[in-house]
1. Please tell me if Ile62 is closer than 28 Å to Ala128 by Cβ, without any contact (Cβ under 8 Å) to a residue 60 or more places away in the chain, of a type in the set (Val, Ile, Thr) and not in a helix (DSSP H, G or I).
2. With the checklist (1) surrounded by 15 or more Cβ atoms within 10 Å (Cβ to Cβ); (2) in contact with a Lys or Arg (Cβ under 9 Å, 6 or more places away or on another chain); (3) at pLDDT 90 or above in hand, flag the one item Glu153 doesn't pass.
3. In the stretch 7-43, how many are of a type in the set (Lys, Arg) and surrounded by 10 or more Cβ atoms within 10 Å (Cβ to Cβ)?
4. Taking into account only those residues within the stretch 120-141 that are part of a strand (DSSP E or B) and aromatic (Phe, Trp, Tyr), which is nearest to the chain's Cα centre (by Cα)?
5. Check the stretch 82-98 and report whether any residue there is of a type in the set (Gly, Ala, Ser), in a strand (DSSP E or B) and within 19 Å of Gln24 (Cα to Cα).
6. Here are the criteria: (1) under 23 Å from Arg145 (Cβ atoms); (2) assigned to a strand (DSSP E or B). Tell me which single one Leu30 does not satisfy.
7. For residues in the stretch 44-85 being surrounded by fewer than 16 Cβ atoms within 10 Å (Cβ to Cβ) and β-branched (Val, Ile, Thr), which is modelled with the highest pLDDT?
Amino acid sequence: MKGELRITGHRPYPLPDSPWIMEQLWNDVLFLHWPVPVEKMAKHIPAQLKLDTFNGTAWIGIMPFGIRKMRIRGFPPFPFMKTMNELNVRTYVAYEERKGVYFFSLDANNALAVMGARKLYFLPYKNADIIIEHKQKQVIYKTRRKSGNSEREEFYGVYQPISNPCNSKPGSLDEWLTERYCL
């Protein structure tokens, strides 16, 4: 078992008994969040899911990041699959007693990964042109969805770390937003 998978005390339930399928390392992750009134968000959630709230408020999140060293279990990284950039738009839900995320969209710049995730996992992935640049300590993130729509689905962000990495405090909004293990 990989070293990171041995640290499980913070998880609300144990790791699955089945073996892991894919490994990936996330870089340049930014968690952007906004509160949304429950009645507005609930209209966009499938009936089998329950909208999860923090102190009575629903949240929407946008997560830009880069993936490196992606590989399928038992195989070395394939040159055409080992890296990609991604942008997730999500909210927070529960299914039965498991808290997780519900994806409104996932944009990625790897057509093969997009096709695989759509077919195998039924996730709403879209192809996009995504560039991550680094200028001093800043991350410059640019994405534009490839689609036939006349609407321009774009995201542009410039961000940088403002502190050293740290663990979320138990019971905090930070912990509630990030400690999600189901989709």
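The values are calculated or read from the model by the stated rules, or taken from the named source; none is laboratory data. Bear in mind the structure is a predicted one, so any value in this text is a computation, not a measurement. FYI the Cβ positions are ideal-geometry reconstructions off the backbone, even for glycines, and counts take in every protein chain you see.
1. Numbers: closer than 28 Å to Ala128 by Cβ: yes; without any contact (Cβ under 8 Å) to a residue 60 or more places away in the chain: no; of a type in the set (Val, Ile, Thr): yes; not in a helix (DSSP H, G or I): yes.
So Ile62 does not fit the description; no.
2. Answer for Glu153: the failing condition is (3).
3. Taking the stretch 7-43 and keeping what is of a type in the set (Lys, Arg), we get 11, 40, 43.
Checking which are surrounded by 10 or more Cβ atoms within 10 Å (Cβ to Cβ) leaves us with 11, 40.
Result for the stretch 7-43: 2.
4. Taking the stretch 120-141 and keeping what is part of a strand (DSSP E or B), we get 125-135, 138-141.
This time we only want the ones that are aromatic (Phe, Trp, Tyr), so: 125, 141.
Values: Tyr125: 11, Tyr141: 15 Å.
Residue satisfying both the conditions and the ranking: Tyr125.
5. Narrowing the stretch 82-98 to residues of a type in the set (Gly, Ala, Ser): 94.
From what's left, in a strand (DSSP E or B): 94.
Next cut, within 19 Å of Gln24 (Cα to Cα) only: none.
Among the residues of the stretch 82-98, not one is of a type in the set (Gly, Ala, Ser), in a strand (DSSP E or B) and within 19 Å of Gln24 (Cα to Cα), which makes the answer no.
6. With respect to (1) under 23 Å from Arg145 (Cβ atoms); (2) assigned to a strand (DSSP E or B), Leu30 is out only on (2).
7. Out of the qualifying residues, it is Thr57.
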